[in-house]
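Heads up: the structure comes next, in structure tokens.
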Amino acid sequence: MPAPASFTLLSIVPALEGGKGHVLGYQQAVGRAATLNGWHHVLATPPGHGLPQLPPGWHASLAATALDAGLPALIKRGRIWALLKGIGSFADSVAAAVRRELRESPGDCAIFVESFNGPQLLAICLAAMRLDRARLHFWILFRQEPAAMGFGWPLYVGVAKWLARLSGPGRFRLLTDSEPLRATLSVAFGRPAHVMPIPHTEVSEGATFAKREGEVLCWWPGSSRPEKGLDVVRDLAKRGATDRQDGRTTLRMVVSRASGLQPQEGLVSVDLVDDVLSPQDYQQWLRTADAILLPYSSQRYRASTSGIFAECIAAGKIPLVSRGTWMAFELEKYGVDELVCDWAAPDIVTRIIAAAQGEPLKRKIAAMQSAFLGFHCEESYAHELQALIPQESGD
């Protein structure tokens, strides 16, 4: 049964973070995918979204609470009252946002949540209890396995199961964007997980930044966090700080100022950029880079995806990744496991330079790019969204 034209996809977004990270780009891509299905896409977020202006159909209608800090931080700070009050306020605002959409549209409405913590998910479940759920669907996308959720992971599992019971047959969908994560989530939640594409893979055309002759430019994008390989990047800088030889290809690393590194020249040079880049500068560095450094922790990213990796492949760039991560899984699936790195190898700088310059590897990435984008794109996302709606025969 195809979705009716009046079908509404309502994204509940606890924080747009001023456009940092991938939440904004992800939701914009979700909106375009929904439009391909003939659906109406709306988004609700708190007023402190940090954007100059919200796109049409997006509303700053959710309550601003302390829940963004997460359950462990609030408990550690002794802010139990702020936690309870925040859950109640957030639940009230979610219920109000849903009721508004149900009044304005005669068709079914799917509540879509892809970025959240435990207290926020609990608030969404409490909101569901107060609503007429006859026209509602609940689609919850998890990007982490239970072990990575800390001591609160039973809360995620318990609340999601509760929400599934409230939703009714076929109206709750457990989603993920990682094949390795699908099996783990299915066991933890006792229900199948549906793998969604990563939709924000569009790379704009345009100018590049200036590059120096005789260098390989590697960009370490995103926030400078330990789980994203901060120690690896600092170690790479140390290895080539003073070892420059005439006529030898050098490695230029572009990293954020938050990394704590200082500009340097040598076999490995370091250039600093702003911690938060504009979308235009982000795309320009992506076009400029010869390779993208992704030395992510295998413990944190064993099954969790990386939007930056998806954008890297979409741009046809060389990704350099850690063994045992989702990124390594994807490279190995497409036969490009040469880019899975041992960051402690004594010749790692030489290997990075060789990988970025190797024509056979570039051809492999081009082949992977074509296959990868067959699934990870807005058109595929629209198709998978359509598949979430139950058929007439049931779930």
Being modelled with pLDDT of 95 or more, assigned to a loop (DSSP other than H, G, I, E, B) and farther than 30 Å from residue 221 by Cα, is that true of even one residue in the range 39-62? yes
Checking the conditions here, which among 188, 193, 147 is of a type in the set (A, V, I, L, M, F, W, C) and under 20 Å from residue 382 (Cα atoms)? 193
Within the range 71-87, can you find the residues that are modelled with pLDDT of 80 or more and either open to solvent by 80 Å² or more (accessible area, probe 1.4 Å) or in contact with a strand residue (DSSP E or B) (Cβ under 9 Å, 6 or more places away or on another chain) (or both)? 84, 85
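Identify the residue in the range 287-306 that is farther than 21 Å from residue 237 by Cβ and out of contact with any Gly (no Cβ under 8 Å at 6 or more places or on another chain) and, among all such residues, is most open to solvent (accessible area, probe 1.4 Å).
299
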Across the range 183-231, the tally of residues that are closer than 14 Å to residue 306 by Cα, open to solvent by 20 Å² or more (accessible area, probe 1.4 Å) and among the small types (Gly, Ala, Ser) stands at 2
Which condition number in (1) over 24 Å from residue 22 (Cα atoms); (2) open to solvent by 40 Å² or more (accessible area, probe 1.4 Å) is the one that residue 358 fails? (2)
For the range 1-13, state whether one or more residues are at pLDDT 90 or above, open to solvent by 60 Å² or more (accessible area, probe 1.4 Å) and not in a loop (DSSP other than H, G, I, E, B). no
Within the range 52-65, restricting to residues that are among the aliphatic types (A, V, I, L, M) and open to solvent by 30 Å² or more (accessible area, probe 1.4 Å), the one that is nearest to residue 100 (Cα to Cα) is 60
Failed condition for residue 367, given (1) part of a loop (DSSP other than H, G, I, E, B); (2) open to solvent by 60 Å² or more (accessible area, probe 1.4 Å); (3) among the small types (Gly, Ala, Ser), with all others met? (1)
If you take just the strands (runs of 3 or more DSSP E) that sit entirely in the range 236-338, which of them hold at least 2 residues that are more than 29 Å from residue 23 (Cβ to Cβ) and in contact with a strand residue (DSSP E or B) (Cβ under 7 Å, 6 or more places away or on another chain)? 250-256, 268-273
Residues of the range 110-119 classified as within 15 Å of residue 64 (Cα to Cα) and open to solvent by less than 10 Å² (accessible area, probe 1.4 Å), total: 1
Qualifying positions in the range 20-51 - open to solvent by less than 40 Å² (accessible area, probe 1.4 Å) and of a type in the set (A, V, I, L, M, F, W, C): 23, 24, 29, 30, 33, 34, 39, 42, 43, 44, 51
All but one of (1) more than 19 Å from the chain's Cα centre (by Cα); (2) at pLDDT 95 or above hold for residue 353, so report the exception by its number. (2)
Of (1) at pLDDT 95 or above; (2) under 30 Å from residue 283 (Cα atoms), residue 68 fails just (1)
Of the candidates 381, 282, the one satisfying the condition of being under 22 Å from residue 212 (Cβ atoms) and either among the aliphatic types (A, V, I, L, M) or touching a residue at least 60 places away in the same chain (Cβ under 8 Å) (or both) is 282
Starting from residues that are assigned to a helix (DSSP H, G or I) and without any contact (Cβ under 8 Å) to a residue 40 or more places away in the chain, keep the ones in the range 339-352 and report whichever is least open to solvent (accessible area, probe 1.4 Å). 339
Return yes when residue 328 is surrounded by 14 or more Cβ atoms within 10 Å (Cβ to Cβ) and of a type outside the set (Lys, Arg) and no when it is not. yes
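The values are calculated or read from the model by the stated rules, or taken from the named source; none is laboratory data. Computed from a prediction, not measured in an experiment: that's the story for all the values here. Neighbour counts are summed over all protein chains in view; Cβ atoms, including those assigned to glycine, are modelled from backbone coordinates with ideal geometry. Calculation scope for accessible area: heavy atoms of the full protein, side chains included, ligands and nucleic acids excluded. Shrake-Rupley method; radii C 1.70, N 1.55, O 1.52, S 1.80 Å.
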